[in-house]
Structure formats: C-alpha cells, structure tokens
Amino acid sequence: MLLEKLQPFVEKYNEINQKLSSPEITQDIKQMTKLSREARQLEEIVNKAKEYEELLNTIEEAKSMLDDPEMAELAKEELKEAEEKLPKLEEEIKLLLLPKDPNDDKNIYLEIRAGTGGDEAALFVGDLMKAYVRYAEKKGWKIEIVSESKNDIGGFKEIILLIKGEDAYSRLKYEGGTHRVQRIPATESQGRIHTSAVTVAVMPEVDDVDIELDPKDIKIEVMRAGGAGGQHVNKTESAVRMTHIPTGITVSMQDERSQQRNKEKALQILKARVYEKLESERLAKIGEARKSQVGSGDRSERIRTYNYPQNRITDHRIGLTLYRLEQIMSEGLFDEIIDPLIAHYQAEALKEAGL
C-alpha cells in the first residue's frame with residue numbers, strides 16, 4: 001500500500017526535525033546545514049503523505065454515509081470529487097518516491113568546450129552559450145561568466161558559466177554530453193555542410209558539506225596571465241593553475257586581475273570537478289545504469305544534433321526531433337526538449353522501481 005511506503009519518509013522527517021532542535025546540532029554549523037537540506041528535500045513528500053491520508057479518510061467517510069438517506073446525495077458528491085483527485089495524487093507521490101538526486105536543488109557550473117571542427121566548433125560554443133543564457137534568463141536564474149578562453153574569430157575554446165537559481169541542476173543536468181552541429185560555415189565559399197562538435201559538462205556547485213579537499217592534496221602554481229590585457233598582464237603573476245593530486249584534475253584561471261580571486265574561483269571549479277568524478281565512480285560501483293543517470297555528464301555520449309540546413313534539432317537519447325532549431329536557439333526554448341527527457345526518464349525509473 002502506498003501509505004505504508006510513505007511512512008518511513010514521515011518518520012525520517014520527524015527524526016531530523018528533532019535533531020535540529022537539539023543544542024548539540026545548533027552549535028555544529030556543518031551538521032545543521034546538512035540536516036536542514038535533508039529536511040527540505042523530505043518536506044514535499046511529507047506534505048503529500050498528509051494530503052493522501054486525508055483524501056483516503058474522506059473516501060472512507062463518504063462511503064460510510066452512502067446508506068444514510070439524508071446524507072447519501074452529499075456523500076456521493078464528496079466521493080466522486082475525492083476519487084477523481086486520487087489517481088493524480090498517487091502519480092505525484094510515486095514520482096516523489098523515486099530516489100532523489102541530491103544535487104537537484106544546487107546551482108551549477110556549465111562548461112562548454114570546443115571539440116572536433118576547429119573554428120566552427122569554437123563559434124558554436126558561443127552560440128550554444130547564448131542559447132543557454134536566454135533559457136536561464138527565462139527561468140529567472142542569475143548567470144556569471146567564471147572563465148572564458150576566446151579564439152581569434154570571436155568563438156570560444158572553452159567557457160564556464162555559474163548559473164544560480166531554483167531547479168538549475170535538475171533542469172540542465174540533461175545537457176551533459178557531446179553536441180554535434182551541422183551547418184555551412186560563413187567562411188565556406190562552396191556552400192558545403194561542415195560537421196563539428198562541442199562538449200558540455202554540468203557540475204553542481206558544491207561546498208564543504210558535500211566535499212572537503214585536503215590542502216595537502218592540492219598543488220598550486222602561479223604565473224603571468226597570457227592574452228590581451230596590456231602591461232598589467234605581463235607584469236603581474238595573477239594566473240593560477242590548481243591540481244588535485246589524487247585525481248590529476250587540473251583547473252587554470254586567469255580571468256581576474258587578483259591572484260587571490262583567481263585562486264578562489266579555481267578552487268570552486270576544482271571542487272565541482274572532483275565531486276563530479278567521485279559521484280560518477282560511486283554510481284558505477286553500485287551498479288546504477290548510465291541510461292537512467294541522464295545527468296551523469298558523460299562527455300563521450302553524443303546526445304544531440306543541431307542541423308541548420310534542415311532547421312532540425314534531434315535528441316538521440318529519446319529519438320525526439322523538432323524542426324524549430326532556429327527559434328529554439330534564438331529564444332532559448334530548451335524546455336521543449338528537457339520536458340520530454342524528464343518524462344521519459346521518470347517513466348523508466350517508475351518501471352524499474354515497480355511503482
């Protein structure tokens with residue numbers, strides 16, 4: 001019975017709230033932050049459990065009054081209304097019973113990097129970035145360019161955005177992977193279609209509650225920044241390269257004039273990359289299939305094709321094709337792809353969970 005499956009969540013929620021009121025926890029900021037986050041994640045399912053129990057009680061009470069001549073008509077109406085609400089509420093609860101992605105309520109680092117295709121790939125990095133920015137603006141999210149590496153013709157070898165806002169990770173985690181673009185480059189005099197690719201990584205912004213890196217495991221190098229910037233760039237050792245020795249993950253940062261600020265930014269991205277790697281390894285060890293972890297950010301997987309001559313965008317994971325590429329890119333209408341992806345993976349997860 002669905003109500004029985006909800007009971008452990010209600011008990012866990014009550015247990016966490018008890019702990020949060022204890023003096024020991026109020027003095028431990030890390031533990032308090034962790035428990036508060038857990039309570040927030042459980043709150044919706046607990047509220048739905050109460051609503052579901054009340055609805056079941058209403059149905060039982062209405063049924064018990066059907067034999068009462070004075071109350072039968074009113075009971076019929078109440079019963080009909082309650083039974084109509086029941087299937088929708090049960091579907092909502094089943095979705096809430098699915099394992100919660102602990103990163104869903106986090107801000108994200110969105111990293112877009114040019115792959116095969118030279119200048120054309122670098123130009124598409126810029127186009128894709130602008131489309132994501134438009135999408136983020138529609139959602140009311142805040143966007144900050146953390147790092148960028150431009151090429152000579154106005155494209156980007158790599159760009160990293162910090163996107164802050166409600167559901168940022170839960171929506172954009174579906175964008176991780178290889179994005180292939182097919183179009184005629186402006187520099188192509190013969191009108192031939194060129195195929196290039198960019199990779200997208202979606203990493204949750206993490207803090208010390210999620211991951212704490214031992215300073216002894218981090219190698220920090222400082223150097224003079226390169227590229228445009230005049231005399232200041234040549235005279236100041238503001239650029240930073242940070243390496244996490246156990247994983248070999250490296251982050252370079254030179255966007256800020258302050259060495260300290262570059263260190264802060266580099267550390268945040270390093271934490272996000274290490275966290276992403278450790279999470280991927282953890283999921284692999286416990287045998288969770290990649291196909292159900294669409295947000296795993298596997299860059300080797302080709303997830304989408306953007307075909308400009310045909311005005312076509314195709315998501316290969318669910319076989320979705322839309323002939324509105326220009327509008328989707330110019331207006332940032334990614335919900336038209338993300339909503340079907342979410343529906344597909346939720347249906348798969350419900351099947352696997354036997355709900």
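The values are calculated or read from the model by the stated rules, or taken from the named source; none is laboratory data. Every value quoted in this text rests on a predicted model; they were computed, and no experiment measured them. Ideal geometry is used to build each Cβ from the backbone, glycine not excepted, and the neighbour counts take in all protein chains shown. Keep in mind that these areas ignore ligands, DNA and RNA; they rest on the heavy atoms of the full protein, side chains included. Shrake-Rupley method; radii C 1.70, N 1.55, O 1.52, S 1.80 Å.
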PRE reach from Glu348 (point 7 Å along Cα→Cβ): which of region 307-325 fall under 14 Å by backbone N? 315-320
Ser21, Ser258, Ser170, Ser196, reordered so the largest accessible area comes first (probe 1.4 Å): Ser21, Ser258, Ser170, Ser196
Just to make sure I understand: if all protein chains stay in place, what is the order of Met32, Met329 by accessible area at 1.4 Å, largest first? Met32, Met329
Where the accessible area of the chain is counted over protein heavy atoms with a 1.4 Å probe, how much of it, in %, is carbon and sulfur? 48 percent
According to the Kirkwood expression over distinct Cα-Cα pairs, how big is the hydrodynamic radius of region 42-91, in Å? 11.5 Å
For region 1-83, calculate the relative contact order in percent as a whole number, restricting contacts to Cα pairs under 8 Å that are 6 or more residues apart. 26 percent
List the aspartates and glutamates whose alpha-carbon lies under 15 Å from that of Lys30, not counting same-chain residues fewer than 8 positions away? Glu38, Asp207, Asp208, Asp210, Glu212
What ranking do 304-316, 125-137, 93-105 get when scored by the average of other Cβ atoms within 10 Å per residue, highest first? 125-137, 304-316, 93-105
Could you sort out which of Lys5/Lys271; Lys5/Lys139; Lys277/Lys351; Lys219/Lys277; Lys85/Lys106; Lys85/Lys138 sit more than 30 Å apart by Cα distance in this structure? Lys5/Lys271; Lys5/Lys139; Lys85/Lys106; Lys85/Lys138
So if we plug the beta-carbon distance of Ser21 and Asp152 into 1/(1 + (r/R0)^6) with R0 = 51 Å, what FRET efficiency do we get, rounded to 0.05? 0.25
Dipole size in debye (nearest 20) for the chain around its Cα centre, Lys and Arg Cβ +1, Asp and Glu Cβ -1? 2440 debye
Cα-projected label distance for Glu70 with Glu90, points at 7 Å along beta-carbon direction, nm: 3.4 nm
Taking region 31-115 on its own, what percent of its Cα-Cα pair distances exceed 18 Å? 62 percent
Rounded to the nearest whole number, the Stokes-Einstein translational diffusion coefficient of the chain at 20 °C and 1.002 mPa s (Kirkwood radius, C-alpha pairs) in µm²/s is 91 µm²/s
Simple spin-label model, 7 Å along Cα-to-Cβ: Leu98 to Glu137 in nm? 3.1 nm
Solvent exposure of the chain as accessible area per residue, Å², 1.4 Å probe: 54 Å²
If I model a spin label as a point 7 Å beyond the Cα along the Cα-Cβ vector, how far apart are those points for Lys216 and Glu81 in nm? 6.7 nm
Residue-span extension gain [Glu61 to Glu166] - 0.36 nm each, minus C-alpha spacing: 33.8 nm
Within straight-line cross-link reach of Lys76, aspartates and glutamates at Cα separation under 15 Å, skipping those fewer than 8 residues along the same chain: Glu60, Glu61, Asp67, Asp68, Glu84
Which whole-number value in Å³ per residue fits the convex hull of the alpha carbons of region 70-206? 166 Å³
Per-peptide average of other Cβ atoms within 10 Å, ordering 75-84, 237-246 highest first: 237-246, 75-84
